[in-house]
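Colleague: This is the structure, below, for whatever I ask next.
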Amino acid sequence: MSLLGLGEFHAFGAAGQRFLYLVPSAAVFALDDPAAALIDALDTHNLSRDDLLAAVAPRFPDAALDETLTELEQVRAVGPVAAPPAPMPTIIPMTPLTPFPLTTMVLNVTNQCNLSCAYCYEYSEDKIVDTTNGAQPKFMSDETARQSVDLLFRESGDNAVVHVSFFGGETLMNFPVLSRVVPYAREQAAARGKRVEFNLTTNATLLTSEMIGFLVDHDISVTVSIDGPREMQNRFRVFHDGRGTYDVLLPRVRELLRRHRSRPIGARVTLTSQVNDILGIYHHLTDEIGFQEVGFAPVTTSPGRDYALGESGFDQMVAEFKVLADEFLETAVAGRHHGFSNVTETLEEIHKGVSKAYPCGAGLGLMGVSTGGDVALCHRFAGSDEHKLGSVTDGIDRNAQVAFLERHHLANKTDCHTCWARPLCSGGCYHEAHTRYGTTTHPNLHYCDWIREWTDICLRIYGELAERNPGFLTRFDS
């Protein structure tokens, strides 16, 4: 007689309701009373279908119970138990169809910067590319920028919308090329019946009124790299002579926020062992400066650096994320905006049932272009020969792309196979893995616990919103 057992899921509660996060499908499943009783009956031992129904039957009508069990089987919350030893969860390797259409091209318009941030992954001890004496030019040319746009459109397939991102170094150090390639990209999009959207990341210390006018006129999204109040900003984000940057960027950012109203202006914060007051940073950036969105990321670095987040640092980060996430929840329940973008991004993935074979779009729908025109996995690898996937002149090297995708598929990360959070993580950032372990193929095991904790926090917020203000979640439908 075949036995039924529990499938692979993560159970959580929210707003007095029990939920399951179903790992194989990345779906969120609300349990009514009969479903909860069936799950509980299998919690300690496996049962045949008849015995399971009999164990729960006295409390519920037979027809409803049988229908509920069938539904649990269909969503794989319950399923047949294999003879011991039980196999590991099955992850089907599937390399995406090639050519995979591009959606985003990140142009590293310069590999130079006017700041000297100690933790910077491009210029510190952990850098991958030699930006001082290397083969790549210091600034991208007009021709390379245009060729990057041409490659994006050529490889965009049926995508009606494509994205061009500008990055550095400090992006605005090559504002002339940026300002000329934006109109060119719009012309190329119009000729193909597509729409192109732009965004850039900047430290804001070089912003001028003329630049802000250009960003406004061309509806370019902006993310400002900033670490919070003066003392935190000036801890690492300094000029080459050691001067702090806070007082230089503040009036420029205020003007940007005042004039650029068509899109939310976001702040991106790097958390270190010394810069970790998440609540204070968030409220300073939103309440006192006026940013609409704030996102936080732990510093990418080798574990021995004095600014690296150790285990206690990750624990503190999760604890403060939880407090800020609770604030997000109460604001969202009331139907108001909250700018903690880490929550927003995770909620959207949960709502859309995202289940990743790869941690991000790098090497798939997103690629980065170095100043010299080499195409890489993303902007963080731009200029690295080891991570090159072609060039803007020769196109994408499909053999190199397929080889990369086959090596980096979740199926090859055995450490991840039993983790319930793998649909949203898939092993973590390639650049983080390269910096920490020396290879992009290694899962980021050093932050598994906090990823699971953070995912659980966001699942509970999702459940609370589903019960208390489901209309909030409709913003993620498009």
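Each reported figure results from applying straightforward, stated rules to the coordinates on display, with no laboratory input. Everything numeric in this text was worked out from a predicted model, so none of it was measured. In this analysis, Cβ positions are derived from the backbone assuming ideal geometry, glycine residues included, and neighbour counts consider all displayed protein chains.
Colleague: Counting pairs on different chains as well as pairs 8 or more places apart, how many Lys pairs in segment 104-396 have Cα atoms under 29 Å apart?
Modeller: Step by step, the pairs that qualify in segment 104-396 add up to 10.
Colleague: How large is the translational diffusion coefficient of segment 337-473 in µm² per second when you combine the Kirkwood radius over alpha carbon pairs with Stokes-Einstein at 4 °C and 1.567 mPa s?
Modeller: 79
Colleague: Here is a further query. For a protection proxy built on the mean count of beta-carbon atoms within 10 angstrom, sort 31-42, 333-344 highest first, please.
Modeller: Peptide ranking by packing, descending: 31-42, 333-344.
Colleague: Under the Kirkwood approximation for Rh and a Cα-based Rg, what ratio Rg/Rh is obtained for the chain?
Modeller: My calculation of the ratio gives 1.00.
Colleague: I need the calculated FRET efficiency for the pair Lys352 and Val248, taking r as the beta carbon distance and R₀ as 41 Å, to the nearest 0.05.
Modeller: 0.55
Colleague: Can I ask one more? How much of the DSSP beta bridge set in the chain is antiparallel, as a percent to the nearest 5?
Modeller: Within the chain, antiparallel bridges account for around 45 percent of the total.
Colleague: Taking a cut-off of 20 Å between Cα atoms, list the aspartates and glutamates near Lys413, but don't count ones fewer than 8 places away on the same chain.
Modeller: Glu8, Glu432, Asp449
Colleague: Calculate for the chain the 222 nm mean residue ellipticity that helices alone would give, adding -39,500 (n - 2.57) per DSSP H run of length 4 or more and normalising by residue count, nearest 500 deg cm²/dmol.
Modeller: Using -39500 (n - 2.57) per qualifying helix, the result is -11000 deg cm²/dmol.
Colleague: With a 4.7 Å Cβ cut-off, tell me which Cys residues in the chain come up empty for a partner.
Modeller: Cysteines of the chain left without a disulfide-compatible partner: Cys113, Cys360, Cys378, Cys416, Cys419, Cys425, Cys429, Cys448, Cys458.
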